[in-house]
Structures are given as structure tokens and as C-alpha cells.
Amino acid sequence: MARILIADDSVVVREYIKQTLERAGHQVVAEATTGYEAYHQYLTHRPDLITMDINMPELNGIETVKLIVKENHGAKIIVVSTYGLKPLVFEAIKAGASDYITKPIDEDKLLGAVANVL
């Protein structure tokens, strides 16, 4: 299964994603609460997949996607967004994100996006 980095400033969201992914057999290799931390965790762990919140402190998810994709054009990133931020989701996809899901996160949609991206 995949090695995954979860980037979200909400501990509740990170924990939900982590539990869902681990129940499905994936390994969460790192977590991040800011865009800068996500970028550094990516460089350190080189995960197979990243879940990336759009709204994070210091550096938002879109800018973080750009940094990661600049480092590795093949990076697999699922953007996580609140429903009302669709224009930002499209911006993230243009920046190099592979797929997206919306909050509140549905377990089946999360696992479907992971399967689709991998």
C-alpha cells in the first residue's frame, strides 16, 4: 500500500484521514500543519501520496502544491477543500494536484480518490 503525508492544520481532520487510510492498509509516514512543514516533510519522506488542505497557515495548499510539483513533477497530491472553495480547487489542479475531495470528508470519496490517484 501507499506511504502518505497528511497536510492539514486541523488535528481532527488529520486524525480522521489518518485512521481512514490506515484502516485501508496505507501507511501515514508524516503529518504537517502548515504549508512549509508539508513541503519539508515531503522532501524528508518522499511519500507516494499527499493529502493537502488548501487553507493552511504560513503557506497555503496551492503554493505548497506548486513547490512540491516543482521538486517532483510526478508527485501525487489530493487537495482537500471546503465546499465553497471550488475556484481554489481548480487553481490547485492547474498547479499540479492530481485530484480533490471536499470537507466534510466522506470515507468512500477519500479512498476512491486515493485509488484513482495511485
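The values are calculated or read from the model by the stated rules, or taken from the named source; none is laboratory data. Keep in mind that this is a model prediction, so the values were computed, not measured. For neighbour counting, all protein chains shown are included, and Cβ atoms are generated from backbone atoms with ideal geometry for every residue, glycine included. For accessibility, only protein heavy atoms count, side chains too; no ligands or nucleic acids. Shrake-Rupley method; radii C 1.70, N 1.55, O 1.52, S 1.80 Å.
The figures follow:
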| read-out | value |
| --- | --- |
| Hull volume in cubic angstrom per residue (convex hull over the Cα atoms of the chain) | 83 Å³ |
| Centre separation in Å (Cα based) which lies between the range 93-118 and the range 25-58 | 15 Å |
| Listed residues 23, 46, 14, most fluctuating in the chain (Gaussian network, C-alpha, under 10 Å) | 23 |
| Listed residue pairs exceeding 20 Å between alpha carbons, taken from 66/109; 70/94; 70/103; 18/109; 18/94; 66/94 | 66/109; 70/103; 18/94 |
| Only Lys, Arg (+1) and Asp, Glu (-1) charged, at Cβ; the chain dipole about Cα centre in debye | 300 debye |
| Cα→Cβ-extended label distance, 7 Å offset, between residue 1 and residue 69, nm | 2.8 nm |
| Solvent-accessible ranking of 45, 40, largest area first, probe 1.4 Å | 40, 45 |
